[in-house]
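Notes follow the structure.
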Amino acid sequence: MGRKLLLEKAHVPGIRSYDVYRREGGYRSVEKALKTMSPDQVTEEVKKSGLRGRGGAGFPAGMKWSFLAKPEGVPRYLVCNADESEPGTFKDRYLMEFIPHLLVEGLIVASYALGSNRTFIYIRGEYAWIVDILEQAIAEAKNNGWLGKNILGSGFDCEIYVQRGAGAYICGEETALIESLEGKRGNPRIKPPFPAVKGLWDCPTVVNNVETIAAVVPILNITGEEYAKIGVGKSTGTKLISACGNINKPGVFEIDMTISVEEFIYSEEYCGGIANGKRLKACIPGGSSVPILPANLLLKTAKGEARMMNYESLSDGGFATGTMMGSGGFIVLDEDQCVVRHTLTLARFYRHESCGQCSPCREGTGWMEKILKNIEYGKGKKSDIDLLWDIQRKIEGNTICPLGDAAAWPVAAAIRHFRDEFEWHVQYPNAAQNRNYGLAHYADPLPVAAAPKA
Amino acid sequence: MAQFSAEKLNKVNEIIARYPTGKQKSALIPVLHIAQEEFGGWLSAETMDYVASLLKIEPIEVYEVATFYSMYNLKPVGKYVFEVCQTGPCMLNGSDEIIEYIKNKLGIKVGETTADGLFTLKTVECLGACGYAPMMQLGKHYREHLTKEKIDAIITECERNAVTNN
Ligand SMILES: Cc1cc2nc3c(=O)[nH]c(=O)nc-3n(C[C@H](O)[C@H](O)[C@H](O)COP(=O)(O)O)c2cc1C
Ligand code: SF4
Ligand code: FES
């Protein structure tokens, strides 16, 4: 059993309410921070923990906090990114829905460290019922003296507000999120200036993911040093993984980053193996933007070592043979799934979500969707596969924000690893309408050590 | 012209008070949500102009935003809007069949509303419920692990509610 820091108490009956949460040791980290530590000491503790941003990019949180500009007399803001729209990702929802006070507690400590007197949670508009859960938790925290003026006599004032988005994946990108919070279209800004200098209403701003903020609570409780001992190397602490697709037990799991991908997929503690007794074909382990890997490269790196569920091991081999931890959205495809069709749904997603500011992204995502549609529906040409490759290369790196890259990578990886499946669609358009390409040679080299239990 | 009730106006003012003075435009997205709920499930030009006047911004600033975000309806929709997710993870779990089933059962295409004005069918992109696929949003809540039987039950439930609410 891996160690749990975030979800340990998530299923205590009544934990959503303040009284139970407090009885279970909640809000201790606020007491510790506000009564015994300076804001800089809190930041120092987070730095020591090695906590990396859980929103996808994995940037060290403590370092981000220390970059925040602090000009005299200018307000600073903390904004919590609860936009969670990357296909495959549903971990923040789980955390907010089951243990909302953990996020509120983390936000108070982080707001203190950063000097944010007005902190916002920007949540995707579709999570409408979670807004009520969060607002209830915030009201309870305030009634019990954890928010408002002069909290615990420390002289620190803080309010937390929940702001709902209205359906736009791009608003998860931090500068688009800030634009949206200002009441505008979610068009990402050109950087620099970075939000740490010029963010919300042109003031210094830190944007952090829900899970990143929640992790601040155990970091303060057990100390940064202890937190850093959990996990391996630069993958410290625990990580929430939302697992979905063709597995027996889809859901949100907290892992300590020392387990192998194979254990994660096949053990009863986590995904419980591939559903319906099928075999594993492919997996996108970190949300739709990260490269898809065939089973053999997923379970073992190109060097033949077991691949582990942490930042370093998942990216081992670069994009040629590796992938990324991303947001922890773990999507599993069984032997009956069609990689072309799956990639098409992702291409459609990115075309739909492109904000349209840069032509490589706006035009390129549309082209990719169209070509993939042709291939999937038996109207593709062999040259289309090269054309697709060419288009994705022209998007990557040529846009204002990383959505362009995020749209290019899944297509690139699908062609890189599953080219013969694409070619088969082109060569046998009729067959491709009636059946899927199947497992072919992508299978895990059987027997798997941790074979699924019958 | 339709106006907010005193209660909703209070809510709007409470939202504006969250931001620094002069930054009331930040309230636009939340206020448009309230407006859509209050004024028949969609945003008419008249509604958008009203919101502009409330927030003391230009109407064009409201139109820009209303057309950008997918949750705002710019034309009337049915009383119950089925928003079925069709992205990868849901597709892996059979969302295509669910969408087909609803189309046949209601006799409408994606984007259409039934003649009695009761149901609209939309497809949407990933709603953050991939582990509970296939799924759809219905009003404020999600309906997950959809099956044909569940769709039948949801449709019956809506029809029954429509009768009792009238
Ligand atoms: C297109 C796009 C979508 C993103 N969506 C999200 C999101 O939904 N949630 C999130 O936390 N970060 C998202 N990010 C990353 C944010 O820009 C930002 O890096 C993150 O919120 C920082 O928080 P962290 O350092 O705690 O991870 C997205 C980035 C891009 C480019
Ligand atoms: S890369 Fe795409 S989403 Fe990002 S700013 Fe450019 S057009 Fe908009
Ligand atoms: S893919 Fe349907 S909810 Fe995520």
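Rule-based calculations on the coordinates, nothing more; no lab input. Model, not experiment: these values are computed from the prediction. Reconstructed Cβ throughout: ideal geometry from the backbone, glycine too, with neighbour counts over all protein chains shown.
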Check: How many residues are buried (at least 24 other Cβ atoms within 10 Å of the Cβ), within 11 Å of chain B (Cβ to nearest Cβ) and more than 10 Å from ligand 2 (Cβ to nearest atom) when one looks only at the range A:173-182?
Finding: 3
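Here's the yes/no breakdown for (1) out of contact with any Gly (no Cβ under 8 Å at 6 or more places or on another chain); (2) free of Cβ contacts under 8 Å to residues at least 24 places away in the same chain:
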residue: A:M308; (1), (2): yes, no
residue: A:T343; (1), (2): yes, no
residue: A:A347; (1), (2): yes, no
residue: A:Y350; (1), (2): yes, no
residue: A:K370; (1), (2): yes, yes
residue: A:N374; (1), (2): no, yes
residue: A:K381; (1), (2): yes, no
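Could you list all residues from the range B:8-40 that are under 18 Å from the mean Cα position of the chain (by Cα) and away from chain A (no Cβ under 14 Å)?
Start the filter on the range B:8-40 by keeping residues that are under 18 Å from the mean Cα position of the chain (by Cα), which leaves B:28-40.
Answer for the range B:8-40, where residues must be under 18 Å from the mean Cα position of the chain (by Cα) and away from chain A (no Cβ under 14 Å): B:E38, B:F39, B:G40.
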Next item on the list: Identify the residue in the range B:77-112 that is crowded, with 19+ Cβ neighbours inside 10 Å and among the polar types (S, T, N, Q) and, among all such residues, is farthest from the other protein chains (Cβ to nearest Cβ).
Entry: B:S95
Check: Considering only the range A:226-258, how many residues are more than 14 Å from chain B (Cβ to nearest Cβ), more than 19 Å from the chain's Cα centre (by Cα) and among the aliphatic types (A, V, I, L, M)?
Finding: 3
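Part of a loop (DSSP other than H, G, I, E, B) and more than 16 Å from ligand 3 (Cβ to nearest atom): is that true of A:W146 in this structure? Outline the logic, then answer.
Values: part of a loop (DSSP other than H, G, I, E, B): yes; more than 16 Å from ligand 3 (Cβ to nearest atom): yes.
It is true that A:W146 is part of a loop (DSSP other than H, G, I, E, B) and more than 16 Å from ligand 3 (Cβ to nearest atom).
Every residue in the range A:59-94 that is assigned to a loop (DSSP other than H, G, I, E, B), away from ligand 3 (no atom under 16 Å from the Cβ) and touching a residue at least 12 places away in the same chain (Cβ under 8 Å), please. Break it down into steps so the answer makes sense when it comes.
From the range A:59-94, those assigned to a loop (DSSP other than H, G, I, E, B) are A:59, A:67-75, A:83-90; that's our starting set.
From what's left, away from ligand 3 (no atom under 16 Å from the Cβ): A:59, A:67-75.
Scanning the range A:59-94 gives A:F67, A:L68, A:A69, A:K70, A:P71, A:V74, A:P75.
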Next item on the list: Considering each of A:F59, A:F67 in turn, give the residue that is more than 14 Å from chain B (Cβ to nearest Cβ), over 26 Å from A:F253 (Cβ atoms) and out of contact with any helix residue (DSSP H, G or I) (no Cβ under 9 Å at 6 or more places or on another chain).
Entry: A:F67
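With a cut-off of at least 1 residues that are within 16 Å of ligand 3 (Cβ to nearest atom), name the helices (runs of 4 or more DSSP H) lying wholly within the range A:333-424. Spell out the reasoning first.
On the way: elements: A:339-353, A:359-376, A:382-395.
Result: A:339-353.
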Notebook entry, point to check: Assuming A:I130 fulfils every condition listed in (1) hydrophobic (A, V, I, L, M, F, W, C); (2) touching a strand residue (DSSP E or B) at 6+ places or on another chain (Cβ under 9 Å); (3) within 14 Å of chain B (Cβ to nearest Cβ); (4) not in a helix (DSSP H, G or I) apart from one, which condition is it?
Noted result: (4)
Margin query: Checking A:T36 against (1) buried (at least 22 other Cβ atoms within 10 Å of the Cβ); (2) under 16 Å from A:I219 (Cβ atoms): exactly one of these is not met. Which one?
Written below: (1)
